[in-house]
Ligand SMILES: [Zn+2]
């Protein structure tokens, strides 16, 4: 009798279905603005692995580090100008209605992008 798969791999089933960087690229790639935005982000921040950002997924939000390059990228991709004095900006991608939020406080500045463009708020 052939019992090749007698010892089925265990442990895999117990793993949480985590979102991977590939999933994120697929999600954002569906949109003609969000896709190029992410691609450019990865080029700019070549020292920051997208996998790391994905590991920091906060619920359904991808959190990216903010810097002047990203500011420019947001403007070019979405048409939103984030001025120096801004501490908070909550907006939507004009194409797919994906929500993105810029937030600055004393410690850090981040740009959070919602993975799913469905049900933008929540
Ligand atoms: Zn979009």
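Neighbouring Cβ atoms within 10 Å as the yardstick, rank 107, 88 fewest first.
Result, fewest neighbours first: 107, 88.
Set the Förster radius R0 to 22 Å, insert the Cβ-Cβ distance between residue 56 and residue 25 as r into 1/(1 + (r/R0)^6), and round the FRET efficiency to 0.05.
Efficiency for this residue pair is about 0.85.
Obtain the nm distance between the two label points defined at residue 39 and residue 75 by a simple spin-label model: each point lies 7 Å from its Cα along the Cα-to-C-beta direction.
Going by the 7 Å Cα→Cβ label model, 2.3 nm.
What FRET efficiency do you get for residue 46 and residue 87 if R0 is 35 Å and r is their Cβ-Cβ distance, rounded to the nearest 0.05?
Step by step, r from the Cβ atoms, then E = 0.80.
Every number here is computed from the coordinates shown, using simple stated rules; none is lab data. The structure presented is a predicted model; accordingly, all values stated were derived computationally and were not measured. Positions of Cβ are generated from backbone atoms using ideal geometry, with glycine treated the same way; all protein chains shown enter the neighbour counts.
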